[in-house]
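Contents: one structure, followed by commentary.
The values are calculated or read from the model by the stated rules, or taken from the named source; none is laboratory data. The structure displayed is predicted, hence computed values, not measured ones. We place every Cβ from the backbone using ideal geometry, glycine too, and count neighbours over all the protein chains shown.
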Amino acid sequence: MHCRCIVTDQNQHEPWCHFGKHSDAAKRVWETYNMHRLFNADDGVGKWIACALEDGSSDNTLYDSKYSAVRHQKNNEANYTFIKIAPTTMRQCEAEVMLKTARNLHKAGLRLADPDHKHGGMDVIKRLAVEDQLAQMRGRNTNLIMPWEG
């Protein structure tokens, strides 16, 4: 059985992307996410990966739950972001937004990883529209005060 993969220019930006060149950290998150999404097919959907906030690196382990991913970071979980694998692949632009949002939350003192919580801690509610996701990353939301908004 042969695998046919469609390769696209991942440096091409989404129309909403304003980052210019994507960071190496975001590219690492993008690569890790898509590796698990594509190679594990439907078996990977709903599972979790852990990526370092500092540089986007990962242990390349696919965890059954956020709790398992958080616990595996062994008292260093506050320096990671935990990403649930969805039925779709991720673009570099999306990885950049996700990583910047996680870093902003961390910088503001909000910790989403909790090794003592039965689900591994809180999660940020994903926004439906790209514009809302970008506003959340920038800390501008309607009817919601983010920790860094003071």
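Table: residues versus (1) basic (K, R); (2) part of a helix (DSSP H, G or I); (3) surrounded by 13 or more Cβ atoms within 10 Å (Cβ to Cβ).
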| residue | (1), (2), (3) |
| --- | --- |
| R28 | yes, yes, yes |
| E31 | no, yes, yes |
| M35 | no, yes, yes |
| A50 | no, no, yes |
| S68 | no, yes, yes |
| T81 | no, no, yes |
| T88 | no, no, no |
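Suppose we filter the stretch 52-66 for residues that are without any contact (Cβ under 8 Å) to a residue 24 or more places away in the chain and in a loop (DSSP other than H, G, I, E, B); how many remain?
Qualifying residue count, the stretch 52-66: 3.
I'd like to know if the stretch 38-47 contains one or more residues that are on the phi > 0 side of the Ramachandran plot, at pLDDT 85 or above and surrounded by fewer than 20 Cβ atoms within 10 Å (Cβ to Cβ).
yes
Looking at (1) polar (S, T, N, Q); (2) at pLDDT below 95; (3) buried (at least 17 other Cβ atoms within 10 Å of the Cβ), which one does S58 not meet, given that it meets all the others?
With (1) polar (S, T, N, Q); (2) at pLDDT below 95; (3) buried (at least 17 other Cβ atoms within 10 Å of the Cβ) applied to S58, the lone miss is (2).
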